[in-house]
Amino acid sequence: MLQVNFIRENKATVLQGLAKRNFANAETIIEQVLTADENRRATQLELDNILAESNKISKEIGVLYKSGQAQKANILKEKTGQLKESSKDLSEKLNGFSDELDALLYQIPNVPHTSVKAGKSEEDNENIFSEGAIPDLGENALPHWELAKKYDIIDFELGTKIAGAGFPVYKGKGARLQRALINYFLDKNIEAGYTEVQVPHLVNTESATATGQLPDKDGQMYHATVDDLYLIPTAEVPITNMFRGNLMQETEFPICVTGYTPCFRREAGSYGAHVRGLNRLHQFDKVEIVRIEHPENSYNALNDMVEHIKNILGELKLPYRILRLCGGDTGFTSALTFDFELFSTAQDRWLEISSASNFETFQANRLKLRFKNSEGKSELAHTLNGSSLALPRVLAGILENYQTEKGIVIPKVLVPYCGFSLID
């Protein structure tokens, strides 16, 4: 969440940024935040003064007792009792203002980076880079869901029988290709300096709140209510929470972590042709990269992440493009996001396969993730994450773009991981 000090000192900048996002009632909620903060600070000052007075009187009482002035000491003791009651009332009042302030701050998205343009939807995103030739597959090209059935490598109906729509079963060479992609992505990330971790696939409320999934995306997450745990929508959540509450040293930067997990998303309200096959699932596999950075280097780190993902897609030889998201399409927690989309030739449409985002201090503020700067003062770190990569649509792109009359050719870089070069 945004820092109150930042909002107070940069009100105009915050409102301009929220306007890029088309955030409703921005002025009203910002005024509510500033009022709640003013009340909180005034109450805190009043409480501090009473506690200071109480401490002063307590010392005086001790001196009076030692000097034999018990009567005066007892009079002062009555006053400390009154101060104690006042401090109790003020503490409750302070907690109320603090809770009100937090509830308001949780509703406010991050302020977009200055390079982010205003816009209402994905139609306003900027295409900043593209690479790879779109293959000419001819009129008989099949979409991936038909290829999956033809070669018996993904069974959508069986998944529906077991769990419901959006839970496919990968079979034979389809399962092996899926595993090959996971290992390939992890190896590429490790080669780039990321440390691999295996993390829980469920998180508690505190973790989901710290990275911004709650309360913003409450309805999109699977909630195991008996234990009050949430199935993760992305590995970003458990990996980033590994550092929750940490106080780092500048010498520890950068921290680069990668991990593979299944991801679970309810995707409530998703239906229609655009979600067919692997296009949108309730359970899918993804390899994630997360970075904890010094604020001065976080945008260089974001550029590094973008180049790293570009390198992977270049090796897979898939046609893709990079979009800089507009304010209206930028995620709640992000200051700047680059989306990667590959072209699905058989579907004649672009499919999002990765997002690389800089959250600046937005997540770190909730995480209480700080470092000691060169002056010895505590400062919030910057957090970043990216998909490297999400598997379903990469797999869909490979099946569709590499289809031939003889079968589906496996990209050369994946052959050592698969153990085969053709699905037929």
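Every condition in (1) modelled with pLDDT of 95 or more; (2) open to solvent by less than 30 Å² (accessible area, probe 1.4 Å); (3) assigned to a strand (DSSP E or B) holds for residue 351 except the one numbered (1). Every test in (1) modelled with pLDDT of 95 or more; (2) open to solvent by 50 Å² or more (accessible area, probe 1.4 Å); (3) more than 14 Å from residue 278 (Cβ to Cβ) is passed by residue 136 save one, and that test is (1). Please give the number of the condition residue 387 fails out of (1) of a type outside the set (Val, Ile, Thr); (2) more than 20 Å from residue 253 (Cβ to Cβ); (3) assigned to a helix (DSSP H, G or I). Residue 387 satisfies all of (1) of a type outside the set (Val, Ile, Thr); (2) more than 20 Å from residue 253 (Cβ to Cβ); (3) assigned to a helix (DSSP H, G or I) except (3). Can you name the residue in the stretch 86-116 that is touching a residue at least 60 places away in the same chain (Cβ under 8 Å) and more than 21 Å from the chain's Cα centre (by Cα) and is also nearest to residue 366 (Cα to Cα) among such residues? Here the answer is 101.
Farther than 29 Å from residue 45 by Cα and touching a helix residue (DSSP H, G or I) at 6+ places or on another chain (Cβ under 7 Å): does that describe residue 93? Spell out the reasoning first.
Working: farther than 29 Å from residue 45 by Cα: no; touching a helix residue (DSSP H, G or I) at 6+ places or on another chain (Cβ under 7 Å): yes.
The answer is no for residue 93.
Count of the stretch 45-60 residues, restricted to those that are open to solvent by 60 Å² or more (accessible area, probe 1.4 Å) and modelled with pLDDT under 95, is 10. Of the residues making up the stretch 273-330, those that are of a type in the set (Gly, Ala, Ser) and at negative phi are 273, 298, 301, 314, 327, 328. Among the residues of the stretch 377-393, are any modelled with pLDDT of 95 or more, under 29 Å from residue 294 (Cα atoms) and of a type in the set (Val, Ile, Thr)? Among the residues of the stretch 377-393, at least one is modelled with pLDDT of 95 or more, under 29 Å from residue 294 (Cα atoms) and of a type in the set (Val, Ile, Thr), which makes the answer yes.
Residue 394 satisfies every condition listed in (1) within 19 Å of residue 307 (Cα to Cα); (2) touching a residue at least 24 places away in the same chain (Cβ under 8 Å); (3) assigned to a strand (DSSP E or B) except (3).
Since residue 187 meets every condition but one in (1) over 22 Å from residue 355 (Cα atoms); (2) without any contact (Cβ under 8 Å) to a residue 24 or more places away in the chain; (3) assigned to a helix (DSSP H, G or I), which condition does it not meet? If we test residue 187 against (1) over 22 Å from residue 355 (Cα atoms); (2) without any contact (Cβ under 8 Å) to a residue 24 or more places away in the chain; (3) assigned to a helix (DSSP H, G or I), just (1) comes out false.
Cβ separations smaller than 6 Å between residues 6+ apart or across chains give the following pairs from the stretch 146-172 residues that are in contact (Cβ under 8 Å) with a residue 24 or more places away in the chain and over 18 Å from residue 275 (Cα atoms) to residues that are assigned to a strand (DSSP E or B) and β-branched (Val, Ile, Thr): 151/423. Taken over the stretch 214-223, the criterion of being open to solvent by less than 30 Å² (accessible area, probe 1.4 Å) and free of Cβ contacts under 8 Å to residues at least 24 places away in the same chain is satisfied by 214 alone. For the criterion of being in a helix (DSSP H, G or I) and either open to solvent by less than 30 Å² (accessible area, probe 1.4 Å) or under 27 Å from residue 186 (Cβ atoms) (or both), residue 356 fails.
Provide a single number: the residues in the stretch 271-305 that are exposed (fewer than 14 other Cβ atoms within 10 Å of the Cβ) and at pLDDT 95 or above. Total meeting the criteria: 3. Number of residues in the stretch 44-72 that are over 34 Å from the mean Cα position of the chain (by Cα) and touching a residue at least 24 places away in the same chain (Cβ under 8 Å): the value is 7. Close contacts from the stretch 351-372, counting a first residue that is farther than 19 Å from residue 242 by Cα and a second that is of a type in the set (A, V, I, L, M) and open to solvent by less than 10 Å² (accessible area, probe 1.4 Å), with Cβ to Cβ under 6 Å and a gap of 6+ residues or different chains, come to 351/342; 353/342; 353/389; 353/394; 354/309; 354/389; 356/305. Taken over the stretch 187-208, the criterion of being more than 17 Å from residue 243 (Cα to Cα) and open to solvent by 10 Å² or more (accessible area, probe 1.4 Å) is satisfied by 187, 188, 190, 191, 192, 193. The set of residues from the stretch 110-124 being farther than 28 Å from residue 3 by Cβ and either open to solvent by 80 Å² or more (accessible area, probe 1.4 Å) or polar (S, T, N, Q) (or both) comprises 121, 122, 123.
So which of 361, 337, 383, 345 ends up being open to solvent by 10 Å² or more (accessible area, probe 1.4 Å), β-branched (Val, Ile, Thr) and closer than 30 Å to residue 5 by Cβ? Give the steps one after another, and end with the answer.
Values: 337 fails: open to solvent by 10 Å² or more (accessible area, probe 1.4 Å); 383 fails: open to solvent by 10 Å² or more (accessible area, probe 1.4 Å); 345 fails: closer than 30 Å to residue 5 by Cβ.
Exactly one of 361, 337, 383, 345 is open to solvent by 10 Å² or more (accessible area, probe 1.4 Å), β-branched (Val, Ile, Thr) and closer than 30 Å to residue 5 by Cβ, namely 361.
Of all the residues in the stretch 1-25, those that are touching a residue at least 12 places away in the same chain (Cβ under 8 Å), over 17 Å from residue 334 (Cα atoms) and not β-branched (Val, Ile, Thr) number 2.
The residue of the stretch 364-374 that is nearest to residue 132 (Cα to Cα), among those that are open to solvent by less than 30 Å² (accessible area, probe 1.4 Å) and out of contact with any Asp or Glu (no Cβ under 8 Å at 6 or more places or on another chain), is 364.
The values are calculated or read from the model by the stated rules, or taken from the named source; none is laboratory data. This structure is a prediction, so every number in the text was calculated from the model and none was measured. Virtual Cβ from ideal backbone geometry, glycine too; neighbours counted across all protein chains shown. The accessibility values were calculated without ligands, DNA or RNA, using every heavy atom of the protein model including side chains. Shrake-Rupley method; radii C 1.70, N 1.55, O 1.52, S 1.80 Å.
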